[in-house]
Amino acid sequence: MKIAIGSDKSGFALKEAIAKYLRGAGVDFEDLGTLNIEEPQPFFTVAPIVAEAVRGGGFDRGILCCGTGMGMAVVANKHRGITAACCESVYAAKMCRAVNDANVLCMGGWLIAEWLGVEMAKAFLNTEFTQDLEEWRKEWLTNAKAKVAELEDGLLL
């Protein structure tokens with residue numbers, strides 16, 4: 001699995017903590033910015049870079065950090081094929097994968113302690129779509145995912 005990560009200035013410390021964990025765990029990842037806190041990139045610049053990296057198939061999933069995670073999620077979700085979830089707990093990070101098949105996790109550096117962000121990243125990366133769910137729910141969610149994709153196709157002009 002290859003992961004794209006990114007942040008603005010407000011999410012920089014959280015992203016760095018996650019990068020340290022990924023490096024130590026031997027996870028293949030690339031930091032797509034902000035690379036230097038002295039030269040921060042805004043959320044609306046970083047989110048499209050990570051979203052397109054995931055959408056293009058070069059990366060399996062993405063992790064984005066800004067002040068609240070919300071700005072990154074809003075911008076990343078503008079990209080076809082991206083399901084970005086703004087999460088504030090380990091449970092939400094797991095369930096955004098299991099239930100929604102999210103491919104980008106967004107977190108807020110103003111809200112999430114670094115240790116918690118690492119635990120959230122672990123949950124996000126170690127959970128697959130419909131993992132640990134009942135058979136009936138797996139079937140229902142798979143069908144729901146197809147309906148949501150149809151909505152995306154109809155909304156994009």
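The values are calculated or read from the model by the stated rules, or taken from the named source; none is laboratory data. Note that the structure is a prediction, hence the values are computed from the model and not measured. Reconstructed Cβ throughout: ideal geometry from the backbone, glycine too, with neighbour counts over all protein chains shown.
Quick one: what pairs do we get from segment 34-55, first residue without any contact (Cβ under 8 Å) to a residue 60 or more places away in the chain and within 15 Å of Lys15 (Cβ to Cβ), second among the basic types (Lys, Arg) and in a loop (DSSP other than H, G, I, E, B), C-beta under 8 Å, 6+ apart or different chains?
Within 8 Å, the pairs are Thr34/Lys9; Ile37/Lys9; Pro40/Lys9.
For the subset of segment 50-69 comprising residues that are in a loop (DSSP other than H, G, I, E, B) and out of contact with any helix residue (DSSP H, G or I) (no Cβ under 7 Å at 6 or more places or on another chain), which member is farthest from Glu119 (Cα to Cα)?
Among them, the one singled out is Gly56.
Condition first: loosely packed, with under 12 Cβ neighbours inside 10 Å, without any contact (Cβ under 8 Å) to a residue 60 or more places away in the chain, at negative phi and part of a loop (DSSP other than H, G, I, E, B). Now tell me which residues in segment 130-157 satisfy that.
Result: Glu134, Leu157.
Is segment 60-75 home to any residue that is free of Cβ contacts under 8 Å to residues at least 24 places away in the same chain and either surrounded by fewer than 13 Cβ atoms within 10 Å (Cβ to Cβ) or not β-branched (Val, Ile, Thr) (or both)?
no
Exactly one condition in (1) in a helix (DSSP H, G or I); (2) surrounded by fewer than 20 Cβ atoms within 10 Å (Cβ to Cβ) is not met by Ala47; state its number.
Just one mismatch for Ala47, condition (2).
Consider segment 17-34. How many of its residues are among the hydrophobic types (A, V, I, L, M, F, W, C) and either modelled with pLDDT under 95 or part of a helix (DSSP H, G or I) (or both)?
Going through segment 17-34 one residue at a time, the tally reaches 5.
Free of Cβ contacts under 8 Å to residues at least 40 places away in the same chain, part of a helix (DSSP H, G or I), out of contact with any His (no Cβ under 6 Å at 6 or more places or on another chain) and surrounded by fewer than 15 Cβ atoms within 10 Å (Cβ to Cβ) - does that describe any residue in segment 106-129?
There is no residue in segment 106-129 that is free of Cβ contacts under 8 Å to residues at least 40 places away in the same chain, part of a helix (DSSP H, G or I), out of contact with any His (no Cβ under 6 Å at 6 or more places or on another chain) and surrounded by fewer than 15 Cβ atoms within 10 Å (Cβ to Cβ).
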